[in-house]
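Beneath this line is the structure, given in structure tokens, with notes to follow.
We did not get these values from a lab; they are worked out from the coordinates using the rules stated. Not measured: the values here are computed from a predicted model. No Cβ is skipped: glycine too gets one built from the backbone with ideal geometry, and neighbour counts run over all protein chains shown.
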Amino acid sequence: MSSTRTSAKLVGVGLILLLLVGLVELLSYAGIAFLQGRNGTFVYDPSLITKTEVRTRPTFDPRLGWLPRNTDSLGARIDRSGQTDVCVEVYGDSFTWSDEVDDEHAWPNRLSSLLRCRVANFGVGGYGSDQAVMRYEANRKAAKLVILGHMAENILRNVNQFRNLVYPGNELVLKPRYVLSASGELGYVGIPELHGLGAEQVKAGLAHDYFVPDGPSGLVSGVSFPYTLAALRLASEHYQVQARFRGEPTHAAFYRPGHPSNGLATTTAIVQRFVDIARSNGQRALVTLIPTCRDLEYMATGHDAPYQPLIEALRERRIETFDFSRAFLETDFVRLFHDCVAHPNEKGYAFMADVLHKHLRDVGAF
């Protein structure tokens, strides 16, 4: 009788364990299915390469990638300040271009009014620091001061070529990048040709992209049963999940010396290239460091800026910098953004222009 009861208990325990395993597997499958819906930033979606390429736009440059629309004769954002003599050039991404506001409220436009001379805005939405420097290198140098705006997330873009792997989107977006050699030299790597390729060919074509599927970023090219193991792999390896576990911005780890992306050394070399070009053209170079709102929230809890290692690396090279975070943290910064995952609003961009204007006056640039 006791053996029968023991067998029944074992069967019951086995059924419970089987149910728990099934439940975990079901939850893992649901979680992975959700991540697959993120357009390839966790689980690579091969259909991305069948979608329309940005290169079909009339504003596509074969060396730089995409270019902004609605620019003036210089190729800069339209300036409404009424100033014509160019005294400053600014290069960067959407935080420099000033996304989500009209021309009048872009911060370089306001800075034009404050300085009473033209601040030419050559920012391009989505650019990394690499593309910004490439654009500067290709432009006519007209101003006594040239500014590179390095937004904190740019370190991800500086080690990426297939933008969709980092930022979801329905349009295939490809970019060039600089690769740092063992001897410390920057080499230009052109825009990869991926359109219409198979999954394995795509991976081969992204040899210089840190986010290549099944590479060190933790992005996987596919999952199958058992889904629990796949979920554990994503949790233990994917850079975004790991950042969540550590409670830090996604890009913070990329600034650490020794990170497998080599992001810090690469970004430092890109900035140095910018400064060297400026000096060779008799221009004063300034690098502005632009935090995201999430960076500011992180710093407001007592942490250093995620890009602090870059600040220190540039200081060692005696490169002139200005960090916007100090000014932001002295005010109610959340009200200066559309929301804390987006760009600054009109007040935020005006704030940036005002604090940078004060800095330029303080250091004798104007």
Exercise. For the chain, what ratio Rg/Rh do Cα atoms give with a Kirkwood hydrodynamic radius?
Worked result: 1.07
Problem set entry | FRET efficiency estimate (nearest 0.05) - Cβ-Cβ, Glu248 to Leu20, R0 25 angstrom | 0.15
For this session: Once you've got the Cα coordinates, tell me which of Lys144/Lys358; Lys141/Lys358; Lys175/Lys203; Lys144/Lys175 are over 27 Å apart.
Result: Lys144/Lys175
For this session: Would you look at the GNM of the chain, springs on alpha carbons closer than 10 Å, and say which of Ile155, Ile311, Ile270 moves the most?
Result: Ile311
For this session: Quick one: among Arg294, Arg279, Arg157, which has the greatest mean-square fluctuation in a GNM of the chain with alpha-carbon springs under 10 angstrom?
Result: Arg279
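In deg cm²/dmol and to the nearest 500, what is the mean residue ellipticity at 222 nm of the chain if only DSSP H runs of at least 4 residues count, each as -39500 (n - 2.57), divided by the residue total? Spell out each step's value before the answer.
Details: 13 runs with 145 residues, N = 366.
The per-residue figure over the chain is -12000 deg cm²/dmol.
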Exercise. Where in the range 196-222 is the amide nitrogen less than 11 Å from a point lying 7 Å along the Cα-to-Cβ axis of Glu53?
Worked result: 196-197
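Using 0.36 nm per residue, how much length does the chain from Leu10 to Glu320 gain when fully extended, once their Cα-Cα distance is taken away?
Details: separation 310, 0.36 × 310 = 111.60 nm, distance 7.13 nm.
Length gained, Leu10 through Glu320: 104.5 nm.
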Problem set entry | FRET efficiency, Leu329 to Tyr188 (Cβ-Cβ, R0 45 Å, nearest 0.05) | 0.75
Problem set entry | Nonlocal amide H pairs with Arg284, under 5 Å, H built at 1.01 Å | Leu145, Val146
For this session: Using per-residue counts of other Cβ atoms within 10 Å, averaged over each peptide, order 354-364, 318-328 from highest down.
Result: 318-328, 354-364
For this session: Go ahead and collect, in residue order, the members of the range 75-119 whose backbone nitrogen is under 12 Å from a label point 7 Å along the Cα-Cβ direction of Ala342.
Result: 99-101
Seminar exercise, completed: Distance in nm between Ala142 and Glu100 label points, each 7 Å along Cα→Cβ, equals 3.0
Seminar exercise, completed: the chain, Gaussian network, Cα under 10 Å: of Val241, Val43, Val212, the residue fluctuating most is Val241
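Sorted by average packing, counted as other Cβ atoms within 10 angstrom per residue and highest first, what order do 57-68, 89-100 take?
Numbers: 57-68: 15.0, 89-100: 24.3.
The most tightly packed comes first, giving 89-100, 57-68.
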Problem set entry | Per-pair calculated FRET efficiency, R0 = 45 Å: Thr301 and Thr71 via Cβ, rounded to 0.05 | 0.70
